[in-house]
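Below: one structure, written as C-alpha cells.
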C-alpha cells in the first residue's frame, strides 16, 4: 500500500463532466478537469436533422464516453500523481438520464440503422415527454399499494426511468425490441469501466421502483419494462451501493485511460445525493442545500418517516442505515436569471456596465440598502411550480406590495427573500415531522457567488449557514465513495470514515444579523399566509389562471 | 345679439392652463391655447430657497393669473373672433388647490413679509401633509353625524380644503391671522374676473363640507376655519353654481384681457366634473371615464343613493337636480409609466428605438399577440391604493401567475387588464346599487392614445365604449357652463340645452370582440377573488406588508 493514495470522482452534469483527483487522507483536490459535451442537449433535432417533438431532451452517449478519455489522463498529468497511486474511481450523474444499449454495452443509437430514431438516443433527465406514462405508472403503483409512491413524494415523476422506458415501449416497438438493456447514465459509465453490468441501489430504489426485498414491481405495465432492466442474457448484474466495490477497472479501459487495472470501481450515485458526503455530512441533524438554478435539499434520518412534501425518502439511498430525505425548490437561480433577462431596465444595465459590475452585483448593492420589510414586497417563489412542500408543478409566481415607489432592486430583493422563505418552509417541515435540523451546509454556484443572498438566508432561517468553498462537492462525494470502496488501501473502512476525513472542510460562515431575525419572522408569516392560500386552500386559483377554470 | 356667439373655457390643471374658444351653436373649437406654469409644482423649496417638508406641494398664484393674460388674448387672435362675440367665460380647476388671500384678493405670499412662509403659498390638491388634520376633521364630522362624511366616500380626504386650512391654523398662526380668506383656485380666478368674491356651490359642497341648508359645520375645529371662508369684511360672497352668472367682467380685467365688459362670468367647477358636460353627458345612464394618469368616473343619478365605494355622491354638484356620483382608480397611466420606467429590459428599449416606436407602442404590439388568458397572469391595479370601490390607500399592487416563460409584454398586458377589471368593478358596483350604466364615454390622454387598451376595456366590459376625440373636454365643459350662464345671447336657456348643442360629438367607437367577452368574464372572476381576499376579507395583509403587523 503506497503511503498516500488518491481517488478520482467524476460528476456527469447536464452540459459537462467535471473530474477531480483527491487525496484519500484529507480530501485535498490535487487536480480538476472539465469536459464540455460537444453535443450538449439535443432538443430540436438529431445530428442528422431528424426533428424532435416538444418536451424532448436527448444527449449523445459518446460525449459521456469521451469525457473519460479526456478527463482521467488530464487529471493524472496535472496532479503528477503516479497511476498506481489512484486506487479507485467513483461516478455520479444526473438522473434519470437513460441509455438504451445493445450487446456489449454499445448504445443503440450508435448502430447505423438506429441513428435516425429519436427513441434510440439517451433521454436526458429533463426529457418531459413521458408525462402520460408517468401517470399510468403512478396509477398502477397506487393500485398495487406500492410504498414506493409515498417514498417518491406521492407520484412517480416523468423524470425517472420507468416512464421514459414505457414511452419507448409505446411509441417505438422496434427500438424497444432491439434494446438489450436500459441503463442509467452513471450505471452505464460504471459498467463500461468495470467491464460488466452494474446497477447502483440508490438509482434502482429512487428511479426504478426497485426494492431489495421485492425487486421490480410486477404486473402491467411493469413486466414489459423490467424485462429490459434486470437481466442481461440471463446473468444477474452486479447490484451495489456507492461506497461498495463492483470490481476493478477492465484491462482495456485501464490501458485506454492510462491507469492501473487494480483501480477499484464503486457504484454510481445521483449527483445531488453525492454532494451530501462531499459536503462532509455523515450523520443526521445537518441539512445540505445545493443552491443553483434550483435548490436540492438533502438530510439524513435514522429511521424512515412519512413526511409530506418531500420529493423522496428512501432507506439506504445514500449512506448505509440512514434514510435519505430529498426536498427541493424548483426555481432559484432560474428565477433570478428570469428577472435579469426580463425585468431590468436599460439605465440599470448601462450603469452596471459603466461601473464594471454584473447586473446581479449591481442589483445586490442597491437591494442591500433596504432593511427587512422596507421594500413592502412579498413574493411566492413558484416560477417553476413548487416541489417542496406542495409538490404542485401547476403553481406559479406571485409578487404583492408594489407601489409607484417600487424599484427593480426591491423586486430583486423580494425574490431572494421568497426563495429564502421557501427554503425555511422546507426546514420547518422537516422539524415538524421529527427530523432535526441543527446545522446547515450550503454549496452550489449561488451559495458560493452570492453573499448577499446567503446573508438573507441566514437572517430568514435565524441560523448560521456554512457555505462550502469547494466547487465540486458532487465529484468529491463520488471520490469519497471510491475511497470507501477500497478500504484496505485508503484506510477508510466505511463511508463514514471517508466522509469525516475527505469531506469539504473550508467554509464561509453566514451568521444571522440579530435585529433582522424577528423582522423576517413577521414577513415569513406573510409568506406562509400566501403559501397556504394559493398552495393549499385555493390551489385551483393558480391552476385556472389560463382562463380554463 | 350677434348671430354667432362664442364662449371661452379655461381648464386649470396641475402644470398648465388650457383655454379654448368655442362656438355656442355646436361647440366647435375655433382656437386652443396653453400656458405652462413657470413655477410648476413647488415641492422642495420656495423660490427664495426656504425648504419644504415631505408631502408638501405648493404653487405660485401668479402663474394662474398670468395664464389669463396669456391665453385669452391669444385665443382671440388665433380665432379672429370679435371680442364682442365672446359672451361668457367659464373656469374649471384642480381641487382643492387653496389660496390664502389678503385684502383685494391679493395672495398672501405676494406680500413681502410672507414671501418666505410656506403656509402663505397656495397648497396644491396633492399637498398631502394635512393627513392628521383630515383625520381630526373626519372624527369631528362623524361625531356630529354629518351626512357629508358618507357623501364624501366615508372620510374627509386630506386633498380637500378644510384639512389644509386647519393645518395652517395649527402650524402658522401669523399666516392664518393675516389671511382674509382662503379660496379654491377656480373661485379665486372667477373672483378676479368678476371683481367680487365668488364661491361655487360644487366646490363648497364637495370640498368645504358646506350645505345649502346648513352652511358650514359648527363647533370645533370648524369655527376657527370657517371664519376665513364665508365672509369677507362682513359682506356675503356670491354663491352660485356653474352655469349660473356671477356677473360680468370687471372693467379693469376687460381692458387687460382685451374683451368686452359685457362678458358674463359663470361659477367655477372642479376639472373632473366639468368633463362630464364637456363629453355631452346630460342625463343618467351614461358613465364618463376620464382615463389618464388616474381614472375619474362620473355618472349622474336622479336621486341620491348611498353607494358604498364611491368617492363622492353630492346632489347638484354638477348639473341641477342630479346627484353627481364620482368614483375613480388611483393609478392607471401612472402604473403603465411605472412599468415602462422600472421593468422594461434593455433589448426591448433598443428594439423599440430601432423601429422608431415608443416603448408603449412596441409593448402593445407584442402584447396583442396574446389572447385573453394566455398570459396566465392576473394583477391587482393598486399601485397607488384603491379609490373605488374599497377606498383604501394602504392597499398595493399584486401580480400572480409568473412562470419562466413570462415576458415583459405579458406583464404589460396583465396591468392593462387589471385596470380594466378595476373599472368593471366600479361599473358593476353602480349597477348593483341602482345606478344604470347603459353607455360609456371615455376621454383623457390614454383613451385617445391607446387603442390597444381601449379594446381590452371594451372586451372586459362587454360593452361598446365611445371615446371622445376632443382633447379638452374639461375646458369644453367650462365653456358650456359659460354658455348656459348667458342664455339670452347663447340661446341655451339651461345647461342641458348647452350640453346637447355643444358637448363633444366626434368619437371613436370600440366594440367588444365577441369571443373575448366570455374569456374575460372568467378572468374577471379571478380578479374579484383577489380583490375580495386582499381588499376586503384580509385587507390587513397588505396593510402590514412593511413588517409592522
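At a glance:
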{"quantity": "Whole-Å distance, taken between Cα centres, linking segment B:424-481 and segment B:235-301", "calculated": "20"}
{"quantity": "Peptide B:376-383, shielding by other chains (average Cβ, 10 Å cutoff)", "calculated": "4"}
{"quantity": "Structure-based [θ]222 nm, chain B - -39500 (n - 2.57) summed over DSSP H runs of at least 4, per residue, nearest 500", "calculated": "-11000 deg cm²/dmol"}
{"quantity": "Per-pair calculated FRET efficiency, R0 = 41 Å: residue A:341 and residue B:511 via Cβ, rounded to 0.05", "calculated": "0.65"}
{"quantity": "Other copies of residue B:488: label-to-label distances in nm, shortest first, labels 7 Å along the beta-carbon direction", "calculated": "12.6"}
{"quantity": "Gyration tensor (alpha-carbon) shape descriptor, segment B:204-321, a/c threshold 1.5", "calculated": "oblate"}
{"quantity": "Cβ-vector label at 7 Å, residue B:432, separations to other copies in nm", "calculated": "3.4"}
{"quantity": "Share antiparallel - DSSP beta bridges, the protein assembly as shown, percent rounded to 5", "calculated": "70"}
{"quantity": "Residue order, fewest to most beta carbons within 10 Å, for B:453, A:366", "calculated": "A:366, B:453"}
{"quantity": "Alpha-carbon centroid distance for the pair segment A:1-51 / segment B:35-110, whole angstrom", "calculated": "75"}
{"quantity": "Cα convex hull of segment B:461-549, projected area averaged across orientations, nm²", "calculated": "10.3"}
{"quantity": "Stokes-Einstein D in µm²/s, Kirkwood radius over Cα pairs - segment A:91-184 at 10 °C with 1.306 mPa s viscosity", "calculated": "115"}
{"quantity": "Whole-Å distance, taken between Cα centres, linking segment B:180-217 and segment A:112-140", "calculated": "78"}
{"quantity": "Efficiency of FRET from Cβ geometry, residue A:543 and residue B:494, R₀ 41 Å, rounded to 0.05", "calculated": "0.10"}
{"quantity": "Residue list for segment B:356-388, given a label point 7 angstrom along the Cα-to-Cβ vector of residue B:525 and an amide N cut-off under 15 Å", "calculated": "B:373"}
{"quantity": "Over chain B, relative contact order from alpha-carbon pairs under 8 Å, at least 6 apart, %", "calculated": "17"}
{"quantity": "Rough spin-label spacing in nm, given labels placed 7 Å along Cα→Cβ, for residue A:261 and residue A:4", "calculated": "2.8"}
{"quantity": "Reciprocal mean inverse distance between Cα atoms of chain A - Kirkwood radius, Å", "calculated": "24.1"}
{"quantity": "Radius, Kirkwood style, for segment A:108-253 when every pair of distinct Cα atoms is counted (Å)", "calculated": "16.0"}
{"quantity": "Overall form of segment B:249-395 per C-alpha gyration tensor (a/c, 1.5; a/b vs b/c)", "calculated": "oblate"}
{"quantity": "Inter-copy spacing of residue A:219 label points, which lie 7 Å from Cα along Cα→Cβ, given in nm from shortest upward", "calculated": "7.9"}
{"quantity": "Peptides A:70-76, A:526-532 ordered by average Cβ neighbours within 10 Å, highest first", "calculated": "A:70-76, A:526-532"}
{"quantity": "Length-normalised contact order of segment A:409-549 in % [C-alpha pairs under 8 Å, at least 6 apart]", "calculated": "23"}
{"quantity": "Most to least packed among B:316-325, A:414-423 [average Cβ atoms within 10 Å]", "calculated": "A:414-423, B:316-325"}
{"quantity": "Cβ-based exposure ranking for A:37, B:273, in which fewest neighbours within 10 Å come first", "calculated": "A:37, B:273"}
{"quantity": "Ranking of A:343, A:17, A:109 by count of other Cβ atoms within 10 Å, fewest first", "calculated": "A:343, A:17, A:109"}
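The numbers here are math on the coordinates, done by the rules we state, and not lab data. Note that this is a predicted model, so its numbers are computed, not measured. Positions of Cβ are backbone-derived with ideal geometry, glycine not excepted, and every protein chain shown enters the neighbour counts.
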